[in-house]
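Here is the structure we will look at, set down as structure tokens.
The values are calculated or read from the model by the stated rules, or taken from the named source; none is laboratory data. As the structure is a computational prediction, the values presented were derived from the model and not from experiment. Cβ: placed from backbone, ideal geometry, glycine included. Neighbour counts: every protein chain shown.
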Amino acid sequence: MSAMSSWDLMAGAAGQRPQLSGRPASNTRILVLGAGLSGLVAAYELGKLGYDCRVLEARDRVGGLEWAVQRGSTHTEVGGERQVCGFDEGQYVNVGPWRIPYSHEGVLGYCRELGVPLQVFINEAENSYFYFQGAAAGPLANRRVRMREVRADLTGHINELLLKAMDQHALDQLLTAEDQERLKTFLVREGYLDSSTHAYKAFENRGEGDPYDLVALLQGGFGNRLRSVPAVEGTAAAPMFQPIGGMDQISKGFQRTMGAERITLNAEVQSVHQDDRGVKVVYRDTRTGKTTEVPADYVIVSMPLTIVSGLDINLSDDLMQAVKDVTYSNSAKIGLAMKRRFWEEDDHIFGGHLYSDLPIGEFSYPSCDYFTRKGVLLGLYSNGPIGNLIDQPIAERIEYVLTYASKVHPQIRTEFESGYAVFWKKVPYSLGGYASGRNVARRQRLSQVDNRIVIGSAATTPRSAPDWQEGAVAAGWQALESIHARAMRG
Ligand SMILES: Cc1cc2nc3c(=O)[nH]c(=O)nc-3n(C[C@H](O)[C@H](O)[C@H](O)COP(=O)(O)OP(=O)(O)OC[C@H]3O[C@@H](n4cnc5c(N)ncnc54)[C@H](O)[C@@H]3O)c2cc1C
């Protein structure tokens, strides 16, 4: 794991919050463009240092990708189709970031500091299903197999095999006789084996029915999802956390603490021009159409690079080329509001995911409001294209998910109330999910100060990865450090 971290293949933590020394000259004005997590982190810390710091944000809300879609949420896709969320009051789905690993101390530290209440995000639920299709999945194809059955049966069978080997003295040279006895006791207990015959049989907590055959389980591919200890990040990590009420509670926490007057919403930045004396930023009020020019000494650009690449901004040619070279993921999520929490009532699944090869990416159950009446399922989560789904009308995208999900949960048809689809490539002011690839040299180039401007969005993160908010925090820290150093030089 440490080798992978050093090769930048693992998304670790953001490191230490920068301790900056030196105070800016009075009235040094910094504009931060974009009120996503990276921009908010930079602006919040610069404000503490004494800068006259203001944020311009195009949307009518803070948070950017941090978006808990709920009743009344709305957006119009590039291409023209508009949605208005009709979920019941109090129901929501995180269509951007939704979970925070326990190791992401940068994000969690801000939650603590800003008073953002967290709850546990359940990544693995014993009763959740595996569902793999097609002949390659062997005898267990096209049927629901519970996580606890898979775990119990795989461990039981393997422990039985190991005990057989020991009974035939295959491990005599590796372990002393006493240690062999200790290992046998452990294997029997761990695998729920018969203590005298060492055979694996079904047991109460595994659930009804006979164990599945070991070979069938291996062919099914279920084992690929199981690790001795969950990875720090990913679909099985534990524990993870989520803000109560939606991920955007973090950005709202920044907004509350910084003071609403520091952040101008509905301010779509149109141009950024710098010279040796300062920077002029022009923004358009999206409600009135009025344009305003704001002067600043320095600017942090915390907008997605998909937007910067089309902006009227006088960056050096090679920096602009580096911006244009970055591609963004084709991330999408679909929330499905249900009249009844059938997965809890009928299937006894509380949080966690469906593990399947259905072409809907991740399908997940909410880690909140258990035992209440209604809930919102995450019906689809993908970071790559799914055929030409993105080109279909919204109603057809939702229908597509219902069709596949009903293979595992037939009740989904009758319990479905309404859906909301967010395909980030088609969302204005995003035009993509997160910066793809982990090209360290490119990220270093992107984060160099260009006279009076520095880019500071998750795409430029020096640590962690753009597909984690921890990366946005690290990028915000890096941008504020370099702009502070630049301001100190004058
Ligand atoms: C589908 C998905 C799932 C994810 N899941 C997780 C997860 O579970 N956990 C996790 O930690 N991370 C997750 N991430 C990653 C996380 O969302 C990002 O790392 C982080 O939110 C990026 O923050 P940012 O500030 O760099 O960018 P953004 O959030 O994109 O912020 C950019 C801001 O710039 C604004 N802007 C754009 N154009 C203009 C303009 N012209 N004028 C003014 N403002 C403008 C935007 O409106 C936006 O507010 C996920 C990302 C995606 C896409």
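The table below lists the values:
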{"quantity": "Tabulated pairs, region 477-490, first assigned by TED's automatic domain parsing to the domain that holds LEU20, second acidic (Asp, Glu) and in a helix (DSSP H, G or I), C-beta under 7 angstrom, 6+ apart or interchain", "calculated": "LEU480/GLU45"}
{"quantity": "Residues (part of a helix (DSSP H, G or I) and over 11 Å from GLN469 (Cβ atoms)) located in region 41-50", "calculated": "ALA42, ALA43, TYR44, GLU45, LEU46, GLY47, LYS48, LEU49"}
{"quantity": "The lone exception for SER406 - which of (1) touching a helix residue (DSSP H, G or I) at 6+ places or on another chain (Cβ under 7 Å); (2) over 28 Å from VAL120 (Cα atoms) it fails", "calculated": "(2)"}
{"quantity": "Filtered residues of region 43-88 (kept if of a type in the set (Phe, Trp, Tyr) and touching a Cys at 6+ places or on another chain (Cβ under 9 Å))", "calculated": "TYR44"}
{"quantity": "Residue satisfying all of: in region 244-279; within 15 Å of the ligand (Cβ to nearest atom) and among the basic types (Lys, Arg); nearest to the chain's Cα centre (by Cα) among these", "calculated": "LYS252"}
{"quantity": "Qualifying residues in region 457-469 (those that are assigned to a helix (DSSP H, G or I) and near the ligand (Cβ under 6 Å from one of its atoms)) - the one farthest from the chain's Cα centre (by Cα)", "calculated": "ALA458"}
{"quantity": "In region 266-300, the residues that are touching a strand residue (DSSP E or B) at 6+ places or on another chain (Cβ under 9 Å) and not in a strand (DSSP E or B)", "calculated": "ASN266, GLY278, THR286, LYS290, ASP297"}
{"quantity": "Filtered residue count, region 51-60, keeping only those that are more than 7 Å from the ligand (Cβ to nearest atom) and in contact with a Ser or Thr (Cβ under 8 Å, 6 or more places away or on another chain)", "calculated": "5"}
{"quantity": "Qualifying residue in region 389-403 (condition: within 16 Å of the ligand (Cβ to nearest atom) and touching a Pro at 6+ places or on another chain (Cβ under 8 Å))", "calculated": "no"}
{"quantity": "Residues satisfying the stated conditions in region 227-260, i.e. among the aliphatic types (A, V, I, L, M), in contact (Cβ under 8 Å) with a residue 40 or more places away in the chain and in a helix (DSSP H, G or I)", "calculated": "ILE250, MET258"}
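Table: residues versus (1) more than 9 Å from the ligand (Cβ to nearest atom); (2) part of a loop (DSSP other than H, G, I, E, B).
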| site | (1), (2) |
| --- | --- |
| PRO18 | yes, yes |
| LEU31 | yes, no |
| GLY39 | no, no |
| VAL69 | yes, no |
| HIS75 | yes, no |
| GLN83 | yes, no |
| GLU89 | yes, yes |
| VAL107 | no, no |
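Matching residues to (1) at pLDDT below 95; (2) away from the ligand (no atom under 16 Å from the Cβ):
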| position | (1), (2) |
| --- | --- |
| VAL408 | no, yes |
| PHE416 | no, yes |
| TYR434 | no, no |
| VAL440 | yes, yes |
